[in-house]
Amino acid sequence: MPDPPEITFQRHIADFLVREHGYVALTQADITDRAYHCAENHLWDFLRETQPDTVARLESDYATDARDEVFRELRAEVDRRPLWTLLRSGLSVRGHEFKLCFPPPRSEQSAARDLYAKNRIAFRPNYHFGPGGHEIDFVFFLNGLPIVTLEVKHEANQNVFDAVKQYANRDHADRLFQLPFLHFAADTADVQAATDPSDEGNFLWFNTGLTNQAQTDGEYPVEFLYREVLGRESLLRAVAFDLVYAPKQAATLDRPERVARTLFPRYHQRRCVEKIADETQRHFADTGDVGRKFLINHSAGSGKTLTMCWLADRLHSLYKPGTTEKMVNTVFLITDRKSLDKNIRDDLEKFAHLRDVTRFAKRSGDLGRFLRDREQIIVTTQQKFSAILDRLSEDNGLKDLRVAFLIDEAHRSQEGRMATAIRTPFREDTAAIPDADTHDADEDEDPQDQIARAIRRHDLNQLFVAFTATPSAATVKLFGKPFDTYHEAEAIHEGYIVDVAQSIVSYKTLYHLDCPVIPLAEQETLYPPGVVAKALKNVAFQDDELIQYKAEVMLRLFEERVKHRIGGRAKAMIVATSRVAGLAYFNVIRQKLKERGADYKALFAFSDFVHPVTEQPHTEAAENGLIDGELIEDRFE
């Protein structure tokens, strides 16, 4: 009688892990500490092999009790803090420091390579645990310590949601669900992952796209999980770089209290970071420079800010092959906000291991000082960057730096001198390009144009990674085709954003245009089809009377159908066809709310612009009456 499909799937994964990764399949008896799920002999052998001098010193102090001292201290530590932090920082035993694993070598030094190679990854299939004889499909061990669990199902009888529910229904007082840093639930088509499996809501989708595809013939669609994610290098890289501790957050009006937790990147976040790191290293090995441009097309709901933080950490950790010299000297996280982006600040502060190397430029003077001191990760705004153009041109030492710019919201980097200047460093004959730096910086100049004028001096020492959810043709022309993509459809499917198109209330817009000149039939053919219609529609959609009417309709709908929801705190958003039209709506609605004596207000979110008719500058801060340093999202909240 053939095995059930689920058993066949499990056995297929186990055989793959042994055959392709060379992992050792542990027996039930190998896990000698059943309370802490530790294969003690594996850990002790690892310590003796990689750190014999430290073991010898401990044995000289404690003789045959040395081993017991190690495991006594280990148990005490993991009761106080996450196991992965010990794997990253090491274990102190009676004044002796032990490494519980060795991270990927940051350089090609033989000692680091040799120690990294001695890490031992093993797995136990069908692991029995707890007093009731419960079973979990796979537990993965690093040097004898449990780091990952995996529960698999087959759609013939159950699916990934059943695996998630099984995790949530376990006894979470058992350390098997506390010590490992990651828990996977999978069927043959889909994967979800959680760092805390105690609640179904903690599991996030962990797929390669809308649908997973097998990479090789004869494998399951989730082959990427057991071939790539659970591979040796991937697991060791996760310990060294991917895991982030998020402290407890107090409750707010819009968000309940959030307990302290461990963050792990979603699949597309890891993919993006590793692809850029690998390509940067490959390019440097081939050319000796880091001069590349990457466009990252990640939809809203992708966790873009955290992706930027993980990428900054990864780039900061790259070293030139065969040396201890950093490949990237300074990483800039650049936002177009007037004040430092609150999301970037909040998320970067979770990367505790980066606190000593990260600086936030609150003022232009800060930025100049950070550059002078050669700080390694600098968070700043495009506006502040312009204040140090002179310093960049005067400091010859800066020209030798290899710098990475992680640019938030690249879709505004499309016009003017930026398009020319940012391309110039990657042309072979830069002497033929007119010097865009001979004029004085204009206060009204686009900040990204100012950045481009500065960075073109440094030629191939610049790495650009531009993030946007809305790449236009101009953006693609500037940065190249998207290097990594996370589509809006994926974010909707995975529940990170709502498909607003399903909730749109649409009203047909009627307008009559009075045209005193009737073109001849042959004149109509001078223009591509639709161009005239679109131009006339744009005129109509900026008509004052039409905006007055539509604004009244939308306000009435809001007051009658929306305002009372969410305990009277519901909000609404109007999307206009342009910033000029948006300004008109804003002024009309603001006046109507004043006439109504309304108990709510409106905000106008936009990127600063100069009105094409009045030639007056309009800024988000001025139009909304924001105080210095206040972000519009804070006012909106």
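Among the residues of region 1-41, those that are in contact with a Ser or Thr (Cβ under 9 Å, 6 or more places away or on another chain), hydrophobic (A, V, I, L, M, F, W, C) and within 20 Å of PHE129 (Cα to Cα) comprise CYS38, ALA39.
Picking from residues in region 477-502 that are of a type in the set (A, V, I, L, M, F, W, C) and under 26 Å from THR211 (Cα atoms), the one that is surrounded by the fewest Cβ atoms within 10 Å (Cβ to Cβ) is ALA501.
For (1) modelled with pLDDT of 75 or more; (2) open to solvent by less than 100 Å² (accessible area, probe 1.4 Å); (3) not in a helix (DSSP H, G or I), each residue gets a yes or a no:
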position: TYR511; (1), (2), (3): no, yes, yes
position: CYS515; (1), (2), (3): no, yes, yes
position: PRO519; (1), (2), (3): no, yes, yes
position: GLN523; (1), (2), (3): no, yes, no
position: PRO528; (1), (2), (3): yes, yes, yes
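Do you know which residues across region 164-180 are part of a loop (DSSP other than H, G, I, E, B) and buried (at least 22 other Cβ atoms within 10 Å of the Cβ)? The one that is part of a loop (DSSP other than H, G, I, E, B) and buried (at least 22 other Cβ atoms within 10 Å of the Cβ): PRO180.
Please verify whether ASP366 is at pLDDT 75 or above and closer than 28 Å to GLY480 by Cα, treating the condition exactly as stated. If you could, list the steps in order and put the result at the bottom.
Working: at pLDDT 75 or above: yes; closer than 28 Å to GLY480 by Cα: no.
It is false that ASP366 is at pLDDT 75 or above and closer than 28 Å to GLY480 by Cα.
Does at least one position in region 185-193 carry a residue that is of a type in the set (Ser, Thr, Tyr), free of Cβ contacts under 8 Å to residues at least 12 places away in the same chain and open to solvent by 10 Å² or more (accessible area, probe 1.4 Å)? Looking through region 185-193, none of the residues is of a type in the set (Ser, Thr, Tyr), free of Cβ contacts under 8 Å to residues at least 12 places away in the same chain and open to solvent by 10 Å² or more (accessible area, probe 1.4 Å). Taking (1) aliphatic (A, V, I, L, M); (2) in contact with a Leu (Cβ under 7 Å, 6 or more places away or on another chain); (3) surrounded by 20 or more Cβ atoms within 10 Å (Cβ to Cβ) in turn, ALA246 satisfies each apart from (3). State the number of residues belonging to region 543-552 that are under 39 Å from the mean Cα position of the chain (by Cα) and open to solvent by 80 Å² or more (accessible area, probe 1.4 Å). Within region 543-552, residues that are under 39 Å from the mean Cα position of the chain (by Cα) and open to solvent by 80 Å² or more (accessible area, probe 1.4 Å) number 0. The set of residues from region 181-206 being assigned to a loop (DSSP other than H, G, I, E, B) and either in contact with a helix residue (DSSP H, G or I) (Cβ under 6 Å, 6 or more places away or on another chain) or farther than 19 Å from LEU243 by Cα (or both) comprises PHE181, ASP187, THR188, ALA189, ASP190, ASP196, PRO197, ASP199, PHE203, PHE206.
Restricting region 14-44 to residues that are over 19 Å from LEU179 (Cα atoms) and in a loop (DSSP other than H, G, I, E, B), which is least open to solvent (accessible area, probe 1.4 Å)? The selected residue is TYR23. The set of residues from region 110-121 being open to solvent by 10 Å² or more (accessible area, probe 1.4 Å) and in contact with a Leu (Cβ under 8 Å, 6 or more places away or on another chain) comprises TYR116, ARG120, ILE121.
Just one of the listed residues (LEU555, LEU593) is within 17 Å of PHE636 (Cα to Cα) and surrounded by 14 or more Cβ atoms within 10 Å (Cβ to Cβ), namely LEU593.
If we scan region 162-174, do we find a residue that is of a type in the set (S, T, N, Q) and at positive phi? No; the residues of region 162-174 include none that is of a type in the set (S, T, N, Q) and at positive phi. Has region 572-579 got at least one residue that is under 19 Å from ALA621 (Cβ atoms) and of a type in the set (Val, Ile, Thr)? No - not one qualifying residue is present in region 572-579.
Of all the listed residues (VAL575, VAL610), the sole one being farther than 19 Å from ARG561 by Cα and open to solvent by 60 Å² or more (accessible area, probe 1.4 Å) is VAL610. The set of residues in region 554-608 that are part of a helix (DSSP H, G or I), touching a helix residue (DSSP H, G or I) at 6+ places or on another chain (Cβ under 8 Å) and among the β-branched types (Val, Ile, Thr) comprises VAL588, ILE589. So how many residues does region 194-206 have that are open to solvent by 10 Å² or more (accessible area, probe 1.4 Å) and touching a residue at least 40 places away in the same chain (Cβ under 8 Å)? Residues flagged as open to solvent by 10 Å² or more (accessible area, probe 1.4 Å) and touching a residue at least 40 places away in the same chain (Cβ under 8 Å) within region 194-206 amount to 4. Residue count for region 207-233 under the criterion of being open to solvent by less than 10 Å² (accessible area, probe 1.4 Å) and part of a helix (DSSP H, G or I): the result is 5.
The values are calculated or read from the model by the stated rules, or taken from the named source; none is laboratory data. Note that the structure is a prediction, hence the values are computed from the model and not measured. Neighbour counts run over all protein chains shown; Cβ positions are idealised from the backbone, glycine included. These area figures cover heavy atoms from the full protein model, side chains too; ligands, DNA and RNA do not enter into them. Shrake-Rupley method; radii C 1.70, N 1.55, O 1.52, S 1.80 Å.
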